[in-house]
Amino acid sequence: MQICLVRHGETDWNNLGKLQGREDIPLNMAGIEQMNDTADYLKNFYWKVIICSPLLRAKKSAEIIAKKTGNIKICEDVDFIERDYGKASGMTTDERKLYFPDGKWIGAEALETLQNRTVNALLKHVQKYEGNNIIIVSHGAAIYSILAYLSRNEIGTGEVRLKNACMTLLEKTENEIKIIFHNKTANELTPHFTNQAPSGRP
């Protein structure tokens, strides 16, 4: 079983460098193009279902993928929603440094809480769709929390920003869930199509 975690395409807030949490910001034109590229990659393989965050940017990303992969079913799961950044949400990096020089954002969701809900949601869907390949469309911090858990914090500590519309491939074996690759866009994967793509029917 393989699980493809997809970060949504670009929004205007992403482009402006604003911290984007639970605000319902839609994809911009660049984001739609990015997701079309991602969908063109994913359509070459068989997928059972797409699970997505309920926020507009994730839902639209999922819809673009679904349309190109045979109109497969989309299910929303609130546990894949982005982290709540509290008072820091909507601020640029400079603004956050100014208002929160200690890095403690008032009202932000605790990282432990974020990881608990995303990992539990992942395990729930892995069990539900056991033996089938699935796509999960979510957000940067949410996906990183899963990567941190699976890699025992070797990945996901914020050292590298997840790119918009990037893919992360997980493989479920009998005893574990392994990270095959992470933070790859369709353009980065295409040259390695045959040996890094999710299994399924081409």
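Coordinate-derived values only; no laboratory data. None of these values were measured; they are calculated from a predicted model. Note that we place each Cβ from the backbone using ideal geometry, even for glycine, and neighbour counts take in every protein chain shown.
Structure above, values below:
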{"read-out": "Quarter of Cα convex hull surface for the chain, i.e. mean projection, nm²", "value": "10.7 nm²"}
{"read-out": "Long-range HN-HN contacts of T92 with modeled amide H, under 5 Å", "value": "L19"}
{"read-out": "Share antiparallel - DSSP beta bridges, the chain, percent rounded to 5", "value": "50 percent"}
{"read-out": "Fraction of the pair-distance distribution of the range 1-86 above 17 Å, Cα-Cα pairs, percent", "value": "46 percent"}
{"read-out": "Lysine pairs with alpha-carbon atoms under 17 Å apart, the range 50-131, spacing 8 or more or separate chains", "value": "8"}
{"read-out": "Gaussian network model of the chain, springs between alpha carbon atoms under 10 Å - residue of K67, K87, K104 with greatest fluctuation", "value": "K104"}
{"read-out": "Other-chain or far-sequence residues with amide H under 5 Å of C52's (modelled H)", "value": "C75, E76, D77, V137"}
{"read-out": "Segments 90-96, 167-173, 14-20 sorted - mean Cβ within 10 Å per residue, highest first", "value": "167-173, 14-20, 90-96"}
{"read-out": "Between the range 107-182 and the range 11-85, the Cα center-to-center distance that results, in Å", "value": "15 Å"}
{"read-out": "Amide hydrogen neighbours beyond the local backbone of N183, cut-off 5 Å, H modeled", "value": "M167, T168"}
